[in-house]
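Written below as structure tokens is the structure these notes are about.
The values are calculated or read from the model by the stated rules, or taken from the named source; none is laboratory data. Quantities reported herein were computed from a predicted structural model and do not represent experimental measurements. When we count neighbours, we look across all protein chains shown, and the Cβ atoms used for this are built from the backbone with ideal geometry, even at glycine.
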Amino acid sequence: MSTPKTTITGPVHLTAPGREPEPVASCRECLGFAVTRANARSVGDYSKVSDVNVMLRAHLREDHAEA
Ligand SMILES: [Zn+2]
């Protein structure tokens, strides 16, 4: 915080891409998880992002037979 910024930047993504479970495009449940995750991230609620990832991962495993 030593350098004052005059412009507003978007949220910083702290996690590397590729580590999160990917929603299946044709699945409405997956879409719901993706939307919830995006909303949580947009407000900086990373604990909820993590929760959604856990639920999405379980859903992928149970309903899509993916890891
Ligand atoms: Zn799904």
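Could you check how many residues of the range 22-43 are over 25 Å from A65 (Cβ atoms) and either of a type in the set (D, E) or over 11 Å from the mean Cα position of the chain (by Cα) (or both)?
Summing the residues that are over 25 Å from A65 (Cβ atoms) and either of a type in the set (D, E) or over 11 Å from the mean Cα position of the chain (by Cα) (or both) in the range 22-43 gives 1.
Given R28, R19, R37, R41, which one is of a type outside the set (A, V, I, L, M) and modelled with pLDDT under 95?
None of the others qualify; the one that does is R19.
Could you run through the range 16-39 and say how many residues are among the acidic types (D, E) and in contact (Cβ under 8 Å) with a residue 40 or more places away in the chain?
0
Which pairs turn up if I take residues in the range 40-67 that are closer than 14 Å to P23 by Cβ and near the ligand (Cβ under 10 Å from one of its atoms) and look for partners that are assigned to a helix (DSSP H, G or I) and among the basic types (K, R) with beta carbon separation below 9 Å, at least 6 apart in sequence or on another chain?
Short answer, once both residue conditions are applied: L56/R37; E66/R57.
Considering the range 17-35 alone, what residues qualify as being away from the ligand (no atom under 13 Å from the Cβ) and either crowded, with 16+ Cβ neighbours inside 10 Å or at negative phi (or both)?
If the condition is that a residue be away from the ligand (no atom under 13 Å from the Cβ) and either crowded, with 16+ Cβ neighbours inside 10 Å or at negative phi (or both), then P17, R19, E20 are the ones that fit.
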